Amino acid sequence: MDRKLSSDRVLEQLTHLFTQRGAPAYTRSDNGSEFTATRVCKWLAELSVKTLCIEPGSPWENGYIESFNGKLREKLLDGEVFDTLFEAQVLAEGWRRYYNTVRPHSSLGYRPPAPEARQPRTGLNPVSWSTWNESE
């Protein structure tokens with residue numbers, strides 16, 4: 001979360017993800033300038049990672065992120081007023097950890113996709129974030 005996302009930041013995050021999980025065959029994104037920047041496209045091509053962009057005005061082409069964005073807005077953004085960017089980043093990271101490590105997902109038999117036991121601890125305790133608890 002930031003006020004502006006640059007191609008440098010995209011490359012930094014993709015490098016981190018690819019180092020942890022390996023490079024995917026494809027990346028899917030919207031047509032934002034930070035994802036279509038020449039440096040990003042060239043870097044992905046060097047790694048033989050193909051790019052897929054969703055058509056403008058076609059959110060159904062990326063349903064997973066649209067579902068995530070809807071939950072993020074409903075459960076976090078609509079209920080908070082952030083005084084600083086840092087506060088927004090801390091709360092968003094706590095919510096993301098809750099979403100990925102605690103929240104039961106109906107498509108997974110009401111289990112979280114990545115249980116807390118497999119995640120390194122950062123001092124945030126998503127279990128205490130009971131306002132985001134949902135019975136999905």
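Quick notes on this one:
- R0 of 30 Å, Cβ-Cβ distance E74-R111: FRET efficiency to nearest 0.05: 0.90
- Note on C41 and E12: their simple-model spin labels are 2.4 nm apart, each label 7 Å out from Cα toward Cβ.
- Net length gained if the chain between L52 and D83 were fully extended (0.36 nm per residue, minus Cα distance): 7.6 nm
- Residue ranges 77-84, 99-106 sort as 99-106, 77-84 when ordered by packing (mean number of other C-beta atoms within 10 Å per residue, highest first).
- V90-R28 pseudo-label distance in nm [points 7 Å out on the Cα-to-Cβ vector]: 3.5 nm
- Sparse packing (at most 16 other Cβ atoms within 10 Å of the Cβ) combined with a DSSP loop state is found for the following trypsin sites (Lys or Arg not before Pro) in segment 1-101: R3, K4.
- T27 long-range amide H proximity, modeled H, under 5 Å: K50, T51, L52
Readers should treat all values here as calculations from the given coordinates under stated rules, not as data from a laboratory. What you see is a predicted model; the values in this text were computed from it and never measured. For neighbour counting, all protein chains shown are included, and Cβ atoms are generated from backbone atoms with ideal geometry for every residue, glycine included.
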